[in-house]
Amino acid sequence: MKETLQLSVAYSFSPGLIGKLARFPAVKEVYGKMALDVIGGGRSAYTLRPVSFGRVKSAVAEAHQAGLEFNYLLNGATLGGLEQSRAGQKKIHALLRRLQEIKVNTLTVASPYLLRLVKAQYPAFKIRVSAFAMVDSADKAGQWEKAGADTICVSAIACNRDFRTLKAIRLLQPGTHRQCRLPSQLRAGTRPHAPSDPELHEGKFP
């Protein structure tokens, strides 16, 4: 079956942008986040437009009205130990509940802990593994898939034009929709078969 082009486009919260993007049939989703939340993302907060949760809620509703899905980024390379305390866990759950209430479709994560948590307790979300997770082998992709990932963005650094590796990832058991992401500024991990670099993640697969 021939695959069709499906685009996930960065959303800057600029007025009118969603309506313009919706005119292109290939655009299926927009992604974005607040500059500051308890989990964080893959980019420094100062590079993002400061928006309130209310603005995110409005953007999600606008995207749905235009026939697009909304992907919220929770792809910080580390949770900073937040998940290791009850207070921290409550903050994580509070954010996930709010995102669920406004009907965010997909969460992009880089933490195995966060993926498992969402799949176990917030199954309505689809999960995309971020390029910041540095998936650069079939072994890594397989572990993320077994943990419940719906989509995997491979490392644009390690997998760039590495067609042998890309083919190996594609030949894994069907079920997860794997896609290549274009440039990530994070360096590639040093362990070739680990699902996450220990310098970047505190959660590990067993």
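A few points about this structure:
- Take 144-153, 49-58 and order them by the average number of nearby Cβ atoms within 10 Å per residue, most first; the result is 144-153, 49-58.
- Extension gain, residue 52 to residue 103: 0.36 nm times the residue separation minus the Cα-Cα distance gives 16.7 nm.
- Whether region 7-180 is rounded, prolate or oblate, judged on the alpha carbon gyration tensor where a/c under 1.5 counts as rounded: oblate
- Note, ³J(HN,Hα) from phi for region 93-100, Karplus 6.51, -1.76, 1.60, rounded to Hz, x at Gly and Pro: 5, 4, 5, 4, 5, 5, 5, 5
- Built amide H within the under 5 Å cut-off of residue 27, gap 5+: 7
- Rounded to the nearest 20 debye, the dipole magnitude of region 7-180 is 140 debye, with +1 charges on Lys and Arg beta carbons, -1 on Asp and Glu beta carbons, and the Cα centre as origin.
- Karplus 3J(HN,Hα) series, Hz, for region 5-10 with 6.51 cos²θ - 1.76 cosθ + 1.60 (x for Gly, Pro): 5, 10, 9, 10, 10, 4
- Separation of the residue 91 and residue 6 label points, Cα + 7 Å toward Cβ, nm: 3.4 nm
- Phi-derived couplings, Karplus 6.51 cos²θ - 1.76 cosθ + 1.60 at θ = phi - 60°, listed residue by residue for region 65-76: 5, 8, x, 10, 9, 10, 10, 9, 8, 10, 9, x Hz, with x used for Gly and Pro.
- Taking packing as the residue-averaged number of other Cβ atoms within 10 angstrom, the listed peptides 125-135, 59-69, 19-29, 106-116 run from highest to lowest as 125-135, 106-116, 59-69, 19-29.
Every read-out reported here was derived from the displayed coordinates using simple, explicitly stated rules and does not represent laboratory data. All of these numbers come straight from a predicted model, not from anything done at the bench. Counting neighbours? That spans all protein chains shown, and the Cβs are built from the backbone with ideal geometry, glycine included.
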